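Student: Let me begin by handing over the structure; questions about it come next.
The values are calculated or read from the model by the stated rules, or taken from the named source; none is laboratory data. The model shown is predicted, which means the values in this text are computed figures rather than measured ones. No Cβ is skipped: glycine too gets one built from the backbone with ideal geometry, and neighbour counts run over all protein chains shown. Ligands, DNA and RNA are stripped out before the accessible areas are found, and what is left, the full protein with its side chains, is counted by its heavy atoms. Shrake-Rupley method; radii C 1.70, N 1.55, O 1.52, S 1.80 Å.
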Amino acid sequence: MATVIRREGGIGLEVFKLRVAELKKLKLIVGWLSSAKYDDNTPVAGVAAVQEYGSTSRGIPPRPFMRTTQDNKREEWKRIVESGVRAILNGSATAFEVMEQLGAKVVADIKITISNISLPLSPVTIALRKIRDDGSYNIGGKLVGQVAAAIAAGETGSGQLGDQSYANKDPLRDTGVMIATLTHEVQS
């Protein structure tokens with residue numbers, strides 16, 4: 001038979017059960033809402049998934065930022081939850097507030113990881129960014145093929161298409177949309 005010892009200023013068993021039940025009902029979602037889209041209406045979540053896992057058919061290497069952040073921050077997030085549970089039990093925070101705090105921290109940590117990704121872009125991607133940024137052409141499948149073929153054939157040189165010295169060569173920070181639209185939601 002279990003014995004419950006009640007300390008001065010502690011909470012009763014019924015309050016304890018209610019607070020634990022409240023926490024169990026909540027779910028933290030981190031990512032991109034379906035409304036998050038690039039200017040061409042491409043869902044940010046889809047682009048993020050391709051960047052996270054890569055696409056061999058499209059020549060895109062994995063640039064894991066969600067999994068890497070989770071691996072690197074797991075213990076820190078665990079401490080936030082542990083501290084939050086104590087706050088919930090002593091009545092200084094609600095379960096929702098703790099989950100909101102955790103969500104904000106997870107989002108901030110993922111944004112930092114995205115900002116630090118440094119795996120280089122392909123010369124084709126850099127060339128297409130330069131063309132797009134110059135405003136001279138609409139980027140489409142035909143142009144992508146032509147640029148890829150020109151680079152593969154060695155028809156471009158220093159300062160030309162695909163040159164790694166072009167300034168806009170950050171893998172996940174091209175437009176800033178991915179970082180700006182990353183969010184969290186606490187659901188019950």
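Student: Any residue that is open to solvent by 30 Å² or more (accessible area, probe 1.4 Å), in a helix (DSSP H, G or I) and free of Cβ contacts under 8 Å to residues at least 60 places away in the same chain - is there at least one of those in region 23-42?
Tutor: yes
Student: If you don't mind, another one. Given the conditions (1) over 17 Å from THR42 (Cβ atoms); (2) at pLDDT 75 or above; (3) of a type in the set (Val, Ile, Thr), report the number of the one that THR175 does not fulfil.
Tutor: (1)
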